[in-house]
Amino acid sequence: MSSVVALSGSPSADSRTARAADYVLHRLAAGGQAVQHIAVRGLPAPELLTGSAAHPQVRLALEAVARADGVVVATPVYKASYSGLLKVFLDLLPQSGLAGKAVLPLVTGGSLAHMLAMDYALRPVLSALGARHVVPGAFLLDSAIERVGAGACRIEPEAELRLLQAVDGFAHALAGRGPLALATAP
């Protein structure tokens, strides 16, 4: 059994991005993965902004990433890039903080114009942190994610299919089998 940590970098208290990350974790947990969700917005801001890992919450979050076999990095797109909140957390990771790990980028945005942020803004940072394999991620339009209940979401069928294909590819990479030639829906 592998362990997976999701980092959600949305500053919103009712984040579609965090709900989509929970959706992914639920899918992975159903497949036998041990999962944990770290909402970066819940970590102490002074420590994040000053680059200090001394606070126990920040230290525990960094340790969870270090122990994980895989990391889901979930972020909304703001001004053609991933969130600044996510950036300050990623800056706290050591230079090889994702070494040996499979990483699934999960990006949400208001329009298709934001889609390229995953490959041109987020993916280079994840690679620079030494990720073993950054799998093809998923971009979801905000409008494709409907908030239902406390923390849950319903995802529009076409977007859900793309997300499930990305999650299956990530699970495949976690199992040490490398990237899928073609991810298939469940």
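The values are calculated or read from the model by the stated rules, or taken from the named source; none is laboratory data. None of these values were measured; they are calculated from a predicted model. Here Cβ is always computed from backbone atoms with ideal geometry, including for glycine, and neighbour counts include all displayed protein chains. Side chains included, ligands, DNA and RNA excluded: accessible areas come from the protein's heavy atoms. Shrake-Rupley method; radii C 1.70, N 1.55, O 1.52, S 1.80 Å.
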> Of Leu106, Leu86, Leu60, Leu92, which residue is more than 14 Å from the chain's Cα centre (by Cα) and either closer than 26 Å to Leu161 by Cβ or in contact (Cβ under 8 Å) with a residue 24 or more places away in the chain (or both)?
Replying inline: Leu92
>> Any residue at all in region 42-53 that's of a type outside the set (S, T, N, Q), without any contact (Cβ under 8 Å) to a residue 24 or more places away in the chain and in contact with a helix residue (DSSP H, G or I) (Cβ under 7 Å, 6 or more places away or on another chain)?
In response: yes
> Any idea which of Leu122, Leu126 is over 15 Å from Pro11 (Cα atoms), in contact (Cβ under 8 Å) with a residue 24 or more places away in the chain, in contact with a Pro (Cβ under 6 Å, 6 or more places away or on another chain) and open to solvent by less than 30 Å² (accessible area, probe 1.4 Å)?
Replying inline: Leu122
>> I'd like to know if region 90-108 contains one or more residues that are hydroxyl-bearing (Ser, Thr, Tyr) and in contact with a helix residue (DSSP H, G or I) (Cβ under 7 Å, 6 or more places away or on another chain).
In response: yes
> Which one is surrounded by the fewest Cβ atoms within 10 Å (Cβ to Cβ) among residues in region 138-177 that are without any contact (Cβ under 8 Å) to a residue 60 or more places away in the chain and assigned to a loop (DSSP other than H, G, I, E, B)?
Replying inline: Ala150
